[in-house]
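These notes concern the structure reproduced below.
The values are calculated or read from the model by the stated rules, or taken from the named source; none is laboratory data. Please read all numbers here as calculations on a predicted model, not as lab measurements. Note that each Cβ is placed from the backbone with ideal geometry, even for glycine, and that neighbours are counted across all protein chains shown.
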Amino acid sequence: MGLWDFISNHKRIKFLFAPSNDTMVYWMYPIYKNLPNSSFIVFPKINENAEKVLQDLKLDYYKYEVGITKQIRPQIVIVGNDWGWSEMDLIKECHETRITTVGIMEGLCKIEEIIPYKTVDYFFSLGVIPSKDLHYLKNKVNTGNPKFDKIKKTPFPKTQRVLINSNFAYGNQKDKSHIWIGDTTTVCKKNSIDFLIAKHPRDEAKINKSLPSVLSNASKISKLIRNSTIVISRSSTIIYEAIKAGRIVIVYNLFNETIGPLEHQKNSHLFFKTNSKTQLNNTLKHVLHSLKNYDYTINNQEYNLFIKNHLTTKSSSAKLCVKYLKKILQKKLLQSG
């Protein structure tokens, strides 16, 4: 059966999810399964395992090609970002055919030269502070993201370990990655703490084979975080994942990159910002000393306030996304009627 035959034999799709990678499929799925007449569309030019995960989940999906939205005629298209080339093409096509677009925030937006989510019709923010950070967006609501729904605060592991998040993806600072990796591993060795480097699935850093490392992905990262006490990272969504899991996070911002809504977050028991090797060493030394000599635990009040402000926890994020997507659909139907 051809693509257009497949389309013509199906009911009109109300919600079309457009994941760029495997991670997005995982967090879009809890929303998708609670919305009738929904489907997925993948971008053949982006080979980041979205299609494989959809196949593993035994879900039908479309492959994006120019003009496909005119044939599928979805009422709402949901994306995780609006700055990828394929996503930009899809959103432009949606605007031309008067299809509503919704962007759901996944994590920290650190693209220096891009204004995130400015091209979508509606924006679902992680929380109060991320929403304020993207103050220029008008049609927005705080829903959180389903990827954080399953992450629970757990006790520290018996053996202390630092997880180093190597996320030099898409060419971002990859020419300086050896400096950042060198600093973080040297500081860990100096403080006699075990460490493991978690490589982002699309990480381009060249890591010495003598250093302990593992290739991470959406299905592995939660366990890697749980098995660690401290997470060291650049600007990354893993910061939020680690804090939600009750881990101590040290941001090593060697290259003075934007960390979005965390720019004005003060250092606390669970979150530290450093921008030099000396600061990183002193902070790690302080945290390890506290862990060794005191009953160092994450302050519940501080933790709850951080989660409330950054990740929205009034309800299941998946349920909130479903609720507001339905509201958008109803409003659109009323307007067209």
Conditions (1) over 23 Å from I248 (Cα atoms); (2) modelled with pLDDT of 90 or more; number of the one not met by D194:
(1)
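Given the options K326, K273, K285, name the one that is touching a residue at least 60 places away in the same chain (Cβ under 8 Å) and within 23 Å of T185 (Cβ to Cβ).
Numbers: K326 fails: within 23 Å of T185 (Cβ to Cβ); K273 fails: touching a residue at least 60 places away in the same chain (Cβ under 8 Å).
So the residue among K326, K273, K285 that is touching a residue at least 60 places away in the same chain (Cβ under 8 Å) and within 23 Å of T185 (Cβ to Cβ) is K285.
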Failed item, numbered, when I114 is tested on (1) touching a helix residue (DSSP H, G or I) at 6+ places or on another chain (Cβ under 6 Å); (2) among the β-branched types (V, I, T); (3) at pLDDT below 90
(1)
Could you look through segment 117-131, keep only residues that are assigned to a helix (DSSP H, G or I) and of a type outside the set (A, V, I, L, M), and pick out the one that is farthest from H264 (Cα to Cα)?
S131
Looking only at segment 151-171, count how many residues are exposed (fewer than 14 other Cβ atoms within 10 Å of the Cβ) and touching a residue at least 12 places away in the same chain (Cβ under 8 Å).
7
For S39, work out the one condition from (1) of a type in the set (S, T, Y); (2) modelled with pLDDT of 95 or more; (3) farther than 19 Å from P146 by Cβ it doesn't fulfil.
(3)
Could you tell me whether segment 159-175 includes any residue that is closer than 30 Å to K314 by Cβ and out of contact with any Asp or Glu (no Cβ under 8 Å at 6 or more places or on another chain)?
yes
Would you confirm whether any residue within segment 269-291 is in contact with a helix residue (DSSP H, G or I) (Cβ under 8 Å, 6 or more places away or on another chain) and charged (D, E, K, R)?
yes
Please work out if I129 is surrounded by fewer than 22 Cβ atoms within 10 Å (Cβ to Cβ), over 17 Å from the mean Cα position of the chain (by Cα) and not assigned by TED's automatic domain parsing to the domain that holds I238.
no
Residue satisfying all of: in segment 254-285; closer than 13 Å to W180 by Cα and among the aliphatic types (A, V, I, L, M); surrounded by the most Cβ atoms within 10 Å (Cβ to Cβ) among these:
L280
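Based on this model, can you work out whether S268 counts as without any contact (Cβ under 8 Å) to a residue 60 or more places away in the chain and hydroxyl-bearing (S, T, Y)?
Values: without any contact (Cβ under 8 Å) to a residue 60 or more places away in the chain: yes; hydroxyl-bearing (S, T, Y): yes.
Yes, satisfied.
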Only residues that are more than 19 Å from the chain's Cα centre (by Cα) and among the polar types (S, T, N, Q): list them for segment 32-82, please.
N34, N37, S38, S39, Q55, T69, Q71, Q75
Given the conditions (1) free of Cβ contacts under 8 Å to residues at least 60 places away in the same chain; (2) outside any loop (DSSP other than H, G, I, E, B); (3) acidic (D, E), which single one is not true for D82?
(2)
